[in-house]
Structure formats: structure tokens, C-alpha cells
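A quick write-up on the structure given underneath.
The values are calculated or read from the model by the stated rules, or taken from the named source; none is laboratory data. In this text, all values refer to a predicted model and were calculated from it rather than measured experimentally. Using ideal geometry, Cβ is built from the backbone for each residue, glycine included, and neighbour counts are taken over all protein chains shown.
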Amino acid sequence: MMKFSCLSLSFKHALRSGRMGLVQFVDVVRELGCDGVDLNATNFPTEDEGYLRCSTRASSRRCTSQRTSG
């Protein structure tokens, strides 16, 4: 079975301008029905460990919640 993901660079303008954050990007990708995301390091507003950890946890919760409820 083929699976699809979405590269964050596809939303680079929205991410870089601040109109969309990484968690919102994950939400959009989920709504599109993709199986995963491919996050590019250039789309992270900071490399602060706390930010990355928080974003990863929030994204994982959203994806896990979608898999178990869908």
C-alpha cells in the first residue's frame, strides 16, 4: 500500500511568516488525509530544545488521537 506524506517546505511561506505554526501544519496535513509529515529544519522558528520537545509532543498527541478515534 502506498502512503503519502507532506513536506513542510510546501507551506514554507505560511510557516516563515508566522501565519502557521508547526502544530497547525500537522493539523492541516492530517485534514488532507496524509499518512505523515516531513519536517524540514528550516521551518523551525527556533532550535530551542524546549520548543522542539513541545512541538513534537503536541504533534504526536494530535496524530495518535486521530488514529485511535478514526
Matching option when the condition is more than 9 Å from the chain's Cα centre (by Cα), surrounded by 16 or more Cβ atoms within 10 Å (Cβ to Cβ) and at pLDDT 85 or above, among Leu15, Leu9: Leu15
Matching residues, segment 3-58, being charged (D, E, K, R) and in a helix (DSSP H, G or I): Lys12, Arg16, Asp27, Arg30, Glu31, Glu49, Arg53, Arg57
